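The values are calculated or read from the model by the stated rules, or taken from the named source; none is laboratory data. Everything numeric in this text was worked out from a predicted model, so none of it was measured. Cβ placement follows ideal geometry from the backbone for every residue including glycine, while neighbour counts extend to all protein chains displayed.
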Amino acid sequence: MTNAAWTRVDDADVSHYDDRRSADLVGTDAIPTTSGFNVGVAWYTAEEFGTPQVHEDQEAVFVISGVGELRVGDDVVSLRPGTAVYVPPGTAHGGRRTSDEPVMVVYSHGAV
């Protein structure tokens, strides 16, 4: 027997920030996980980099749509659909759009 659970982005609680909005999908009260693992979506909406995020877990980002940039430490990575980026633990990072539409990404966090 499996313990499958699911949700849709349209049903998720969306958090709003100066440079983006995001919604955790897996690793929530509705779909709990172990070891701090989560999956969500974010939309980078600002034209300029916002306040960098820093967290102690590792993160993977995969671009679904839009064009922009992700600053990871001292590096700037060009974002377009199909791009995947790894963000090491404790590394400052943040994104921005460079076109008219937001950059939509799927992100995942996991314990080190």
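Structure summary
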{"read-out": "Residue check, GLY68 over 11 Å from the mean Cα position of the chain (by Cα), surrounded by 14 or more Cβ atoms within 10 Å (Cβ to Cβ) and modelled with pLDDT of 95 or more", "value": "yes"}
{"read-out": "Selection within segment 38-50 - touching a Gly at 6+ places or on another chain (Cβ under 7 Å) and either modelled with pLDDT of 95 or more or of a type in the set (Val, Ile, Thr) (or both)", "value": "ASN38, VAL39, TYR44, PHE49"}
{"read-out": "Members of segment 11-30 found to be among the charged types (D, E, K, R) and in a loop (DSSP other than H, G, I, E, B), listed by number", "value": "ASP13, ASP18, ASP19, ASP29"}
{"read-out": "Only listed residue being over 18 Å from ALA111 (Cβ atoms) and at pLDDT 95 or above, chosen from ALA60, ALA92, ALA12, ALA5", "value": "ALA92"}
